[in-house]
Structures are given as C-alpha cells and as structure tokens.
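The values are calculated or read from the model by the stated rules, or taken from the named source; none is laboratory data. Predicted, not measured: the structure shown is a model, and the values here were computed from it. Cβ placement follows ideal geometry from the backbone for every residue including glycine, while neighbour counts extend to all protein chains displayed.
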Amino acid sequence: MRRLDENNNFHINDLPYEGNIPASSDIIFDFRNSLQENNKAESFFNSFQYESTLYRCIREGDVEKLDSKLHTASKQLYFGYFSDDEFRKAQYLYVASITLITRYAIMGGLPEIFAYTLCDVYIKKTDECNNILELWHYFDMAIFDFTRRVGKAKLQSVNSYPVMQSTIYVASHIFEPITLKGAAMHCGVTAPYLSSLFKDEMGMNFGKYTRHEKMKVAAKLLRETNYSILEISTFMSISSSSAFGVQFNDVFGMTPLEYRNKTSYDSEI
C-alpha cells in the first residue's frame, strides 16, 4: 500500500518505478536548441578539467591544494542555465555541487553515514539562505569541511585507499579468478605499487591474502553444505581439487576432508 503525505502526495520512499523511459519530445527539442545556442566548447572543457581538479582534492583530503585552486572558482566553473531566476539557479547549482562533493568524499574514505548526514545538513541550508552570497558562503564552508574530514579519515584509517579497495575487490570477486593486475586496475594504480603497498600494510602479499579469503569461504561451504570437494574447488575457481587441498591445508593445517569430518563431528557433540 502506497503512503501519502499531508498533501496527498506519494511518500518519497514509495515513488513508483517507471522503467526505461525514453526522453520526451520537449526534452529533445530543448536540448537541440540549447546545443545550437551554446558554442562554448572550450570553456566547457576548461571547466570540466577545473572541476575534476577540485573533486580530486576532496577525494585526496588535500586542503592546501583545494585552497589554492578555489581562488579562481567563480571564473572557471560552468554555471549553466538552470533557471531565469539567478537565485534559484544558484540554489540548483549549490545542491548539485554538495551532492557531488559528498560522493567524492565517500570515494576518499569518509564513512557513508558521516558523508550523507553532512550532505543533508548543508543542503538544508538552502532553506535558510536569502541570497547568492549566503549560498556561496555555505558552499565554501562545505567543500573545506568535507575535504578536512576526508583527510582525517585517511590518517585514522589503518589501510590506504588502494589497499582498502583491493580487499573490497577480492570480496566481490571471491568466486572468480583473482589477479594482482586485475585488482590494481580496479584501484587505478600499477600492480607493482599495489603489491608493495599491500605487503607493507597487510603484512602479507596480495596472493596470500586472496588465498586466505578464498579458503575462508571454502571452509564455510564445507561446514554448511553437502557440495563435494571438487565442486567447492570449482566454485572457488581453483584449477584442481589437489591444488585446492594444498591451499586449504596451508591455511587450516588439514585437508578439506579432514576439516569437513572434524566440523561435522564437533557439531554432533
């Protein structure tokens, strides 16, 4: 049953999914007209490059670099059309910017609960602002606030962003063949760099970590399912049951069969 608010509108959490809707004729018409009128391709490119630099500062938690770049923000950012009303145009841009800042802060390592809560706090400020200068004030405050918090999160984090992302990569590809090269590409770094960083921070090389994680999942399958050892070996994308046995023994100090028999016996006691 769909909930209605006090104005008899759909509750935001119950909005219906409308599927893969094609762009309407008015959208296509307005897009073509705007495209013909706008011949500032170079300024678009420069603005995009500039915005990318700002968002990279946020993701890296680099307050000093951000400070040096923001001095020319009003001259280099693309402000678009949005609305005939300048203040409303500024409101739209403010909300869009805070939303993007939030996403880049999360990519930089700021916990999602902090990032989304801070995003809500700053977006609500649009209701309190009466002019463009006030919006700009809160935008300036927000971008530095998020960047400082990302920097602190990186200092407090045990693992660097590439190492954290590589462990997420392993977890999400646990049933597939996993390579250092594939993880490095996912993290946007070179394989030698990730290998060195991973060993320094995790105390083991990437290959050993991957094997350990795969064997943990394999052990769960041995305990909780009736799949054969060969089937589990195949699930884990290991070349043969013998190779699986060697890797499992290396982690648990016993063969997969011994482990299954032991855990089965322990559960019966």
Elements of type helices (runs of 4 or more DSSP H) in region 130-245, at least 3 residues being within 30 Å of ASN261 (Cβ to Cβ) and under 23 Å from the mean Cα position of the chain (by Cα): 206-224
Residue in region 91-98 that is modelled with pLDDT under 85 and either assigned to a helix (DSSP H, G or I) or in contact with a Pro (Cβ under 9 Å, 6 or more places away or on another chain) (or both) present: no
Index of the failed condition, LYS220 passing every other in (1) within 21 Å of PHE252 (Cα to Cα); (2) in contact (Cβ under 8 Å) with a residue 40 or more places away in the chain: (2)
Hey, MET141 surrounded by 13 or more Cβ atoms within 10 Å (Cβ to Cβ) and either at pLDDT 90 or above or assigned by TED's automatic domain parsing to the domain that holds ALA90 (or both) or not: no
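Out of curiosity, is ASP62 assigned by TED's automatic domain parsing to the domain that holds MET141, at pLDDT 85 or above and of a type outside the set (A, V, I, L, M)?
Values: assigned by TED's automatic domain parsing to the domain that holds MET141: yes; at pLDDT 85 or above: yes; of a type outside the set (A, V, I, L, M): yes.
Here the answer is yes, as ASP62 does meet what is asked.
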Qualifying residue in region 180-191 (condition: over 30 Å from THR102 (Cα atoms) and β-branched (Val, Ile, Thr)): no
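For region 20-33, state whether one or more residues are at pLDDT 70 or above, among the acidic types (Asp, Glu), assigned to a helix (DSSP H, G or I) and not assigned by TED's automatic domain parsing to the domain that holds LEU135.
yes
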Selection status of THR117, hydroxyl-bearing (Ser, Thr, Tyr), more than 30 Å from THR234 (Cβ to Cβ), surrounded by 15 or more Cβ atoms within 10 Å (Cβ to Cβ) and in the same structural domain as CYS57 (by TED's automatic domain parsing): no
Which numbered condition THR167 misses (of (1) outside the structural domain of LEU66 (by TED's automatic domain parsing); (2) surrounded by fewer than 16 Cβ atoms within 10 Å (Cβ to Cβ)): (2)
Lone qualifier among THR210, THR179 - being hydroxyl-bearing (Ser, Thr, Tyr), surrounded by 17 or more Cβ atoms within 10 Å (Cβ to Cβ) and at negative phi: THR210
Single unsatisfied condition, THR126 versus (1) under 20 Å from GLY61 (Cβ atoms); (2) at pLDDT 85 or above; (3) part of a helix (DSSP H, G or I): (1)
